[in-house]
Amino acid sequence: MDLAQASVRILVASVVTIFTGETAWTQAAPAGPPAVGVVEATKRPITETSEFIGRIEAINRVNVVARVTAFLEKRLFVEGAEIKTGDQLYHLERGPFEADLEAKQAQVAQLQATLENAKLTTERARTLLGGPAGQQSTYDAAIANQRSLEAQVQAAQAQVEASRINLDYTVVSAAIEGKIGRTSVTEGNVVSPSSGVLTTIVSQDPMYVTFPVPLRQGLELRERYGPKGGLEAVVIRLRLPDGRMYGQAGKLNFVDNTIAQNTDTVTVRGEIANPILRAPSAAGVTVHELTDGEFVTVVLEGVQPVEVLAIPRSAVLSDQQGDYVLTVGPDNKAEQHRIKLGQSTPIIAAVISGLTAGDKVIAEGLQRARPGQVVAPGPASPLILSSMNAATGGDADTSGKAVGKKP
């Protein structure tokens, strides 16, 4: 019995020793201040941007229609191809119009012959006025008949011209240069002015982009860019439906003079190049990046960058009261600063108020820092600094302080 009690005492003593030893080891190695990466708030240049939803529109658009009633004999274009001004598109039946023109020309010839005879009669009547056989009434009647025939000849010549115009209308040509759509009428059908649109031609390069701007935002843009040149102070860039940025830049050229009452927006328009992506195919079909009617995201960029107090966008935190950042004070304690943001980018946050130049903003390790807590500050990672420099065109030293702009 004594041996069993001794064994139990030894076992209990071992367990107590293990736990007390682990507790002592844990207390002997207290954790130090959390390490954080800081970036100094500095003045940096950023490009101000605003985004809107817009639509691509062709500058010129022509709906091709028939001017006369006739059978459509031949289509002369490839659907979807690029065409030039004056290219022939359709041939209509010419026979009836040629016959009508010849009949009108014959009528003119007949009236001209009658007019020549009337002129001779008038001349004879005028000669006889000097003798006993001459009568004034005969001469007056001859003049009246001659003038009537002259008017008839003019009317007949006008009819010839109208017939010639109608004959020319049997060849339907392109009024503008651009890309032609599909034909709505095939060969062998009768077309007329009431047949509707045969096909449509839209110009390709350059293109318009139109977009509505809310009135309140329009006033802000006017205040921002008006003193800097108005429409000339911004450039247009487009984000395509697949998320890619379009390679060409455009300029604004029109602001509507009326506010849309149902949306309280004003329509703004810009012009942007739309060159051919690759050489035309054997059939003459070309491909352009922008298409008439396409939805795009319009990005308005300021021509001249503006200086702002900049910090990394990742350093900005938000709660129900708004935006804030954590900074490192003189005693290495984390401090909370409520800030107001201005025009920012996905990488750079522009601070309007709440910070001053030189403040050390915590950009890394935010999850480990709390207001009033002592931290171990160090330079932010090179990735954050290089991203900021790439976004603003500046350089930075290893401490995160901007030291200049790239030329």
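Please go through region 145-175 and pick out each residue that is over 29 Å from Ile83 (Cβ atoms), touching a helix residue (DSSP H, G or I) at 6+ places or on another chain (Cβ under 8 Å) and among the small types (Gly, Ala, Ser).
Of all residues in region 145-175, those over 29 Å from Ile83 (Cβ atoms) come to 145-160.
From the residues that got through so far, the ones that are touching a helix residue (DSSP H, G or I) at 6+ places or on another chain (Cβ under 8 Å) too are 145-146, 149-150, 152-153, 156-157, 159-160.
Across region 145-175, the qualifying residue is only Ala156.
Okay, residues lined up against (1) under 30 Å from Val213 (Cβ atoms); (2) surrounded by fewer than 17 Cβ atoms within 10 Å (Cβ to Cβ); (3) not assigned by TED's automatic domain parsing to the domain that holds Pro280:
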| site | (1), (2), (3) |
| --- | --- |
| Arg55 | yes, yes, no |
| Gly80 | no, yes, yes |
| Ile83 | no, no, yes |
| Gln88 | no, yes, yes |
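Where the second residue is hydrophobic (A, V, I, L, M, F, W, C) and assigned to a loop (DSSP other than H, G, I, E, B) and the first is within 30 Å of Arg224 (Cβ to Cβ) and in the same structural domain as Arg368 (by TED's automatic domain parsing) and lies in region 327-346, which pairs have Cβ atoms under 9 Å and are six or more apart or on separate chains?
Thr327/Ala41; Thr327/Leu355; His337/Leu355; Ile339/Val316; Ile339/Leu355; Leu341/Val316; Ser344/Val316
Thr327 - would you say it is at pLDDT 90 or above and not basic (Lys, Arg)? Give the steps one after another, and end with the answer.
Values: at pLDDT 90 or above: yes; not basic (Lys, Arg): yes.
It is true that Thr327 is at pLDDT 90 or above and not basic (Lys, Arg).
Which strands (runs of 3 or more DSSP E) does region 209-308 wholly contain that include 3 or more residues that are crowded, with 17+ Cβ neighbours inside 10 Å and outside the structural domain of Gly358 (by TED's automatic domain parsing)? Explain how you work it out, then say what you get.
On the way: elements: 234-239, 251-260, 265-272, 276-278, 295-302.
Because the criterion is at least 3 residues that are crowded, with 17+ Cβ neighbours inside 10 Å and outside the structural domain of Gly358 (by TED's automatic domain parsing), the strands (runs of 3 or more DSSP E) in region 209-308 that meet it are 234-239, 265-272, 295-302.
The values are calculated or read from the model by the stated rules, or taken from the named source; none is laboratory data. Nothing here was measured: the structure is a model prediction, and the numbers come from that model. Here Cβ is always computed from backbone atoms with ideal geometry, including for glycine, and neighbour counts include all displayed protein chains.
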